[in-house]
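Inspection log for the structure reproduced underneath, given as structure tokens.
The values are calculated or read from the model by the stated rules, or taken from the named source; none is laboratory data. What you are looking at is a predicted structure, and each value in this text was computed from that prediction instead of being measured. FYI the Cβ positions are ideal-geometry reconstructions off the backbone, even for glycines, and counts take in every protein chain you see.
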Amino acid sequence: MPLRNLPGLPGRVMLVLLVAAIAVGGCTLQFAYSRLDWIVPWYLRDYVTLDAGQRVALDARLTARLDWHCRTHVPEYAVTLREAQALLAGDTVEAAALEPFLARGEAWWGEVLAALEPDARVLLAGLANEQVDELRQAFARKQREVREEFQDGSDAARIARMEKRLQRWFGRMTPAQRERIAAWSAALSPTTEAWLEQRARWQGALLDALQVRRDQAAFAARLAPLLTPQQAYWPEAYREGVARNRALTLALLADVFNLAPEAQRARLNRELDALAGQFESLACAAPARLSAALGR
């Protein structure tokens, strides 16, 4: 359930989305990890054809990073999901009660970005000119694909996407829930175009930084700001729109839960329980086991 697709929410914020997803029934373990695909050191092979030596280096760094992630964050995911399960065992939930989960996810995301910076710096510095050109073309192609995916910004399309995501975890929406989703959609600030612009800005800045990748000090200085949370670089209007839509979405998630009949709540609890169990079984697992569980 990629909430990154919601208008006004920052794209590809995997850990934040994991926590936000708690409110609507969690997500799959594969999703929780795979949303790092915009961070080049993990998914570089999605954008660039690597040679044998680069593949070995990438796999070695991925194994080390999964080990770090397993030891530092995976146990916290399980605890957070159990806390959410307890919160949602009550009759009602307030949007304000969901906010700390989102803040916790944002903190995790910042830690992941900081941990990935050395990997990104080493792997990107080793790209050949032809690979940088390939990366530029891949960025342009994926940007076109994303734009096509979200070019229909109508209320009907947005409502349909949200209902589909919620139904995966709650089951069929009730008339009252559908009415609430429609009200949410109508109230959102339009931010999709600004999100696409910020995505293109980040990609362009990375490509510019790669022009000095042979100069270690200069490249490190150019790359480091790109692997930090990007809100500080957003235009004020976009930042305000994101904040407003985030609040509206948390309110929607709380209301959908509060309107949920018993059968929906039971289904949600089962999904949360299963997801927490997956993380509990992986906590402190060996890197090879974690990689296998993620389909690597």
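Where residues in the range 267-296 are of a type in the set (Lys, Arg) and outside any loop (DSSP other than H, G, I, E, B), which of them is modelled with the lowest pLDDT?
First, the residues of the range 267-296 that are of a type in the set (Lys, Arg): 267, 270, 289, 296.
From what is left, the residues that are outside any loop (DSSP other than H, G, I, E, B) are 267, 270, 289.
Working: Arg267: 94, Arg270: 93, Arg289: 45.
Going through the qualifying residues, I end up with Arg289.
Among the residues making up the range 203-235, those that are surrounded by fewer than 16 Cβ atoms within 10 Å (Cβ to Cβ) and of a type outside the set (A, V, I, L, M) are Gly204, Asp208, Gln211, Arg214, Asp215, Gln216, Pro225, Thr228, Pro229, Gln231, Tyr233, Pro235.
Name the one entry in Arg158, Arg172 that is closer than 19 Å to Leu259 by Cα and out of contact with any Asp or Glu (no Cβ under 6 Å at 6 or more places or on another chain).
Values: Arg158 fails: closer than 19 Å to Leu259 by Cα.
When all the criteria are applied, what remains is Arg172.
Can we say Gly204 is in contact with a Ser or Thr (Cβ under 6 Å, 6 or more places away or on another chain), in a helix (DSSP H, G or I) and at pLDDT 90 or above? Answer is no for this residue. Could you tell me whether Arg213 is at pLDDT 95 or above, among the charged types (D, E, K, R) and within 24 Å of Gln203 (Cβ to Cβ)? Against the criterion (at pLDDT 95 or above, among the charged types (D, E, K, R) and within 24 Å of Gln203 (Cβ to Cβ)), Arg213 qualifies.
Regarding Leu135, is this residue under 30 Å from Ala84 (Cα atoms) and either surrounded by 19 or more Cβ atoms within 10 Å (Cβ to Cβ) or under 22 Å from the mean Cα position of the chain (by Cα) (or both)? Explain how you work it out, then say what you get.
Values: under 30 Å from Ala84 (Cα atoms): no; either surrounded by 19 or more Cβ atoms within 10 Å (Cβ to Cβ) or under 22 Å from the mean Cα position of the chain (by Cα) (or both): yes.
Against the criterion (under 30 Å from Ala84 (Cα atoms) and either surrounded by 19 or more Cβ atoms within 10 Å (Cβ to Cβ) or under 22 Å from the mean Cα position of the chain (by Cα) (or both)), Leu135 does not qualify.
Can you spot a residue in the range 77-98 that is part of a helix (DSSP H, G or I), among the basic types (Lys, Arg), closer than 27 Å to Ala260 by Cβ and at pLDDT below 80? Scanning the range 77-98 turns up no residue that is part of a helix (DSSP H, G or I), among the basic types (Lys, Arg), closer than 27 Å to Ala260 by Cβ and at pLDDT below 80.
Of everything in the range 196-254, what is of a type in the set (Asp, Glu), touching a helix residue (DSSP H, G or I) at 6+ places or on another chain (Cβ under 9 Å) and under 23 Å from Phe150 (Cα atoms)? Give them in sequence order.
In the first step, residues of the range 196-254 are kept if they are of a type in the set (Asp, Glu); the result is 197, 208, 215, 236, 240.
Remaining after also requiring touching a helix residue (DSSP H, G or I) at 6+ places or on another chain (Cβ under 9 Å): 197, 208.
Within the range 196-254, just Glu197 meets the criteria.
Given the criteria within 23 Å of the chain's Cα centre (by Cα) and either assigned to a helix (DSSP H, G or I) or within 21 Å of Arg246 (Cα to Cα) (or both), does Gln143 qualify? It would help to see each step written out before you state the result.
Working: within 23 Å of the chain's Cα centre (by Cα): yes; either assigned to a helix (DSSP H, G or I) or within 21 Å of Arg246 (Cα to Cα) (or both): yes.
Answer is yes for this residue.
Selection of the range 226-250 for residues being touching a Leu at 6+ places or on another chain (Cβ under 9 Å) and part of a helix (DSSP H, G or I) yields Leu226, Leu227, Gly241, Val242, Arg244, Asn245, Arg246, Leu248, Thr249, Leu250.
How about the range 113-155: which of its residues are free of Cβ contacts under 8 Å to residues at least 60 places away in the same chain and under 19 Å from Gln216 (Cβ atoms)? Answer for the range 113-155, where residues must be free of Cβ contacts under 8 Å to residues at least 60 places away in the same chain and under 19 Å from Gln216 (Cβ atoms): Pro118, Ala128, Asn129.
For Trp169, the conditions (1) under 25 Å from Glu99 (Cβ atoms); (2) at pLDDT 95 or above; (3) hydrophobic (A, V, I, L, M, F, W, C) all hold with the exception of (2).
Of all residues assigned to the range 97-106, at least one qualifies as being farther than 23 Å from Gln278 by Cα, among the small types (Gly, Ala, Ser) and buried (at least 16 other Cβ atoms within 10 Å of the Cβ).
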